[in-house]
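The values are calculated or read from the model by the stated rules, or taken from the named source; none is laboratory data. The shown structure was predicted, so the numbers you read here are calculated from the model rather than taken from an experiment. Ideal geometry is used to build each Cβ from the backbone, glycine not excepted, and the neighbour counts take in all protein chains shown.
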Amino acid sequence: MGKFTISLTMAAALALTAPTPGLTQAPAASTVRVSFDDLNLAAPADAAKFAARVNAAAEDVCHDMARGNPSGGFTMAGCKVAVRRQTMSQLSKHQRQNLRIAARGGAVAVAAR
């Protein structure tokens, strides 16, 4: 399997909900890489590991951005949604299909128990 890495760079514009008075400079963009070359995204357990990695990356990126924007014109929830969307946009169609397969497999496994 090839090496797969997603690079997430969140610009302040994605996470700021409105212009912030007194903020003279936008917070610096934060970049993090999410590696998933060791995962089979069609397998429910690996898809869950991928989701956990993306969530951890979102926490890191959004906390960095929150520190750079102490005035409050920022929401953690909005930032995390933007990180997840950006992650999905960087996956190939095949990788997104594999995640959907894993999601169905996980639902079937739970229902079978």
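Listed values, structure above:
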item: Residue match in region 57-69 (condition: of a type in the set (S, T, N, Q) and at pLDDT below 90); result: yes
item: Enumeration of residues in region 76-113 that are surrounded by 14 or more Cβ atoms within 10 Å (Cβ to Cβ) and at pLDDT below 85; result: G105, G106
item: Cβ pairs under 6 Å, 6+ apart, first in region 46-57 and more than 10 Å from V34 (Cα to Cα), second among the aliphatic types (A, V, I, L, M) and part of a helix (DSSP H, G or I); result: A47/L99; A47/A102
item: Filter result (polar (S, T, N, Q) and within 17 Å of the chain's Cα centre (by Cα)) within region 63-96; result: T75, Q86, T87, S89, Q90, S92, Q95
